[in-house]
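The values are calculated or read from the model by the stated rules, or taken from the named source; none is laboratory data. Note that the coordinates shown come from a computational prediction; the quantities given were computed from them, not determined experimentally. Methodologically, a virtual Cβ is constructed for each residue, glycine included, from the backbone with ideal geometry; neighbour enumeration extends over all protein chains shown.
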Amino acid sequence: MSEPSIFTRILNGDIPGEILLDTGRVFAIRDIDPQAPLHALVIPKTEDYRDVTELAAGDPGLLAEMVAAAKQLASEHANGEYRLIFNNGASAAQSVFHVHAHVLGNIEENKLVGF
Ligand code: DGP
């Protein structure tokens, strides 16, 4: 068994983190290095999928649950609009290989981050 991911350790309460949402199969935390007033990470509880390509092939329903969670976060913490980013692979800026979506909201005009 490999070590639990940093996100699983936050979910389990082993390291601190602000859990914003828990829908059963999906949870959300605030990003430690926010790039917008709302910057959350939506994460499936399973670590079976490294990235969104694997998730879309293996469990598209779970991917749809992630999108629904992103919308809920944007409604609760922003004006309902949101930017959704999946980094896929180290050369595409992915650093945690437990699939997650970045949800950004309330982005100031001309402050679009490039990650
Ligand atoms: P990515 O580069 O797409 O794999 O995104 C990983 C994100 O995870 C990155 O934006 C920072 C965030 N992150 C890493 N470690 C922690 C942590 O310990 N706590 C929280 N809240 N976020 C973390």
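Assorted remarks:
- Among the residues listed as GLY105, GLY80, the single one being at pLDDT 95 or above, touching a Leu at 6+ places or on another chain (Cβ under 9 Å) and of a type outside the set (A, V, I, L, M, F, W, C): GLY105
- Strands (runs of 3 or more DSSP E) fully within region 14-115 counting 2 or more residues that are of a type in the set (Gly, Ala, Ser) and either within 24 Å of SER2 (Cα to Cα) or touching a residue at least 24 places away in the same chain (Cβ under 8 Å) (or both): 101-105
- Residue in region 14-30 that is hydrophobic (A, V, I, L, M, F, W, C), over 23 Å from ASN106 (Cβ atoms), surrounded by fewer than 13 Cβ atoms within 10 Å (Cβ to Cβ) and within 16 Å of the ligand (Cβ to nearest atom) present: yes
- If the condition is being of a type outside the set (A, V, I, L, M, F, W, C) and either more than 13 Å from the chain's Cα centre (by Cα) or crowded, with 16+ Cβ neighbours inside 10 Å (or both), then region 95-111 contributes HIS98, HIS100, HIS102, GLY105, ASN106, GLU108, GLU109, ASN110, LYS111.
- The criterion of being aliphatic (A, V, I, L, M), within 15 Å of ALA101 (Cβ to Cβ) and surrounded by 12 or more Cβ atoms within 10 Å (Cβ to Cβ) does not hold for LEU11.
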